[in-house]
Amino acid sequence: MLRASSDSPKTGAGKPELSVGFVLLNQFTLAAFAGLVDVLRLSADHGGRSRQIHTAWRVMSMDGLPRTSSAGFAIEVAGALPDDPTGFDYIAVCGGNDYPNTYMPPALRDWLQRTAASGVRMLGICTGTFALAQADVIGSRTVCVHWNVLDAFRARFPQVRAVVDHLFVDEGDLITCAGSTAAIDLGLYLVARHCGREKAQQAVRHMMLQGMRPAKLPQAHFYADLTHIQDARVRQAAHFIEQRIDNPPSLDAIARYVGLGRRQLERAFHEALAMSPMSFQRGLRLEYGSWLLQNGHSNITQIALDCGFSDGAHFSRDFRARFGLTPREFKRRGGAEEGTTSPSAVVSERVGR
């Protein structure tokens, strides 16, 4: 079992510039939690010595008992939720794979509501935003969620505006992030705000990052909304394709993955999406390429290889057929123009969205 620090934020003259209380939910994701904590740790002291000088953190759970991450690692927390949360600048609610669970202990709901009402800023980390929405503390604010849970979030909380076109969204008293490495970017943002850009850069250097990504950088999400598709085999095949954009599987490999013959799989795709599995796969790869052209720094040949194309010429030919522009024209003009259609939009149209 891993043990979290039991240190509390300092008070009085020695109070750190930034203090964060972490609330771990069941099956929280390690990457998001650890990334944010490490940004604070590496900004707190010189030489990575981890003394809570400039920043401070405390890891808690609702009842003070350990919480197990989605990877199976148990974290022993420093304690239960405090009666008075105002000793923290932020409360970070860290979620993970337990987001489909619709039950929230009343004690946790009440504490989150009291914390929000007290003026302490809230952070929704990964699917911790589900808990904040369930506790009814979001109101009219816009939230950021990971693209992989967008449909589930919108289905449960249709009154909340959720987006995936940012790494994180700052609404003043509520900041929500997509999770995973976006939590690192959120941490750097907070450190720069409260402790200065120099302290944030200190963490960047220690973590061997290339820099701080801005909140408005869109998530690299390349998937089709298949929630209205009843055929589980098509959904399973689509997920398999999404996971291998850079190394496209053959039609036979996809068919074997879902336990079908290739003709059965092609027939299922045509009935559900009016396209073949290979057309669906090519569309996702081209959408990935369009995102890299707008947000990456690689040349077109490298982007082609990253999207699973054999060379730049093959990529350029397919890209122009889909978008009406060559990759070079697309990049120069800053993205798709009116009249071009993204692959995911084509899929959404064909499933009746």
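Where nothing but the Cβ of Lys and Arg (+1) and of Asp and Glu (-1) is charged, how large is the charge dipole of the chain around its Cα centre, in debye to the nearest 20?
Here the chain has a charge dipole of around 580 debye.
Using the Karplus equation 6.51 cos²θ - 1.76 cosθ + 1.60 (θ = phi - 60°), what ³J(HN,Hα) coupling, rounded to whole Hz, does each residue of the stretch 38-50 give in order, writing x for Gly and Pro?
With coefficients 6.51, -1.76 and 1.60, one gets 5, 4, 5, 4, 6, 9, 7, 8, 8, x, x, 7, 6 Hz.
Relative to the present Cα-Cα distance, how much length would full extension add between Ser298 and Ser310 at 0.36 nm per residue of separation?
Using 0.36 nm per residue and subtracting the Cα-Cα distance, I get 2.7 nm.
Starting from the alpha-carbon convex hull of the stretch 232-350, give the projected area averaged over all orientations, in nm².
Spelled out: convex hull of the Cα atoms, projected over all directions, averaged, 7.1 nm².
May I ask for the angle, rounded to the nearest 10°, between helix 262-273 and the longest principal axis of the chain, with both axes built from Cα atoms and the value confined to 0 to 90°?
With rounding to tens, the tilt is 70 degrees.
Tilt of helix 182-195 relative to the longest C-alpha principal axis of the chain, in degrees (0 to 90, nearest 10)?
Approximately 40 degrees, to the nearest 10.
Viscosity 1.306 mPa s, temperature 10 °C: what is the translational diffusion coefficient of the stretch 2-206 from Stokes-Einstein with a Kirkwood Rh over Cα pairs, rounded to a whole number of µm²/s?
The calculation lands on 95 µm²/s.
Would you kindly derive the ³J(HN,Hα) couplings of the stretch 77-87 from the backbone phi angles with the Karplus curve 6.51 cos²θ - 1.76 cosθ + 1.60 (θ = phi - 60°), listing them in order in whole Hz, with x for Gly and Pro?
Karplus values, whole Hz, x for Gly and Pro: 7, 7, x, 7, 5, x, 4, 10, x, 6, x.
What's the long-distance tail for the chain, i.e. % of Cα pairs beyond 38 Å?
On the way: 15903 of 62128 pairs.
In whole percent, the share of Cα-Cα pairs in the chain beyond 38 Å is 26.
For the stretch 151-192, count the residues as N, evaluate 2.2 N^0.38 Å, and divide the Cα radius of gyration by that value, please.
1.27
Could you go through the stretch 154-162 in sequence order and give the Karplus-derived ³J(HN,Hα) for each residue, using 6.51 cos²θ - 1.76 cosθ + 1.60 with θ = phi - 60°, rounded to whole Hz, and x for Gly and Pro?
Values, residue by residue: 5, 5, 7, 10, x, 7, 9, 7, 10 Hz.
Using label points projected 7 Å from each Cα along Cα→Cβ, tell me how many nm separate Ser140 and Ala321, to one decimal.
Result: 4.9 nm between the two label points.
Find out how many positive minus negative residues lie around Val160, taking Lys and Arg as positive, Asp and Glu as negative, among other residues whose Cβ is under 14 Å from that of Val160.
Details: positive: Arg141, Arg154, Arg156, Arg161; negative: Asp136, Asp151, Glu171.
In short, +1.
Summing +1 for each Lys or Arg and -1 for each Asp or Glu, what net charge is found among the other residues whose Cβ lies under 13 Å from the Cβ of Leu217?
0
Can you give the calculated 222 nm mean residue ellipticity of the chain, where each DSSP H run of n ≥ 4 adds -39,500 (n - 2.57) and the sum is split over every residue, rounded to the nearest 500 deg cm²/dmol?
It comes out at -12500 deg cm²/dmol, rounded to the nearest 500.
Given H placed on each backbone N at 1.01 Å, which residues far from Phe22 in sequence or on other chains put an amide H within less than 5 Å of it?
Arg58, Val59, Met60, Ala92
No value in this document is a laboratory result; all are computed from the given coordinates. Here the structure is a predicted model, which means the values were calculated and not measured. Note that each Cβ is placed from the backbone with ideal geometry, even for glycine, and that neighbours are counted across all protein chains shown.
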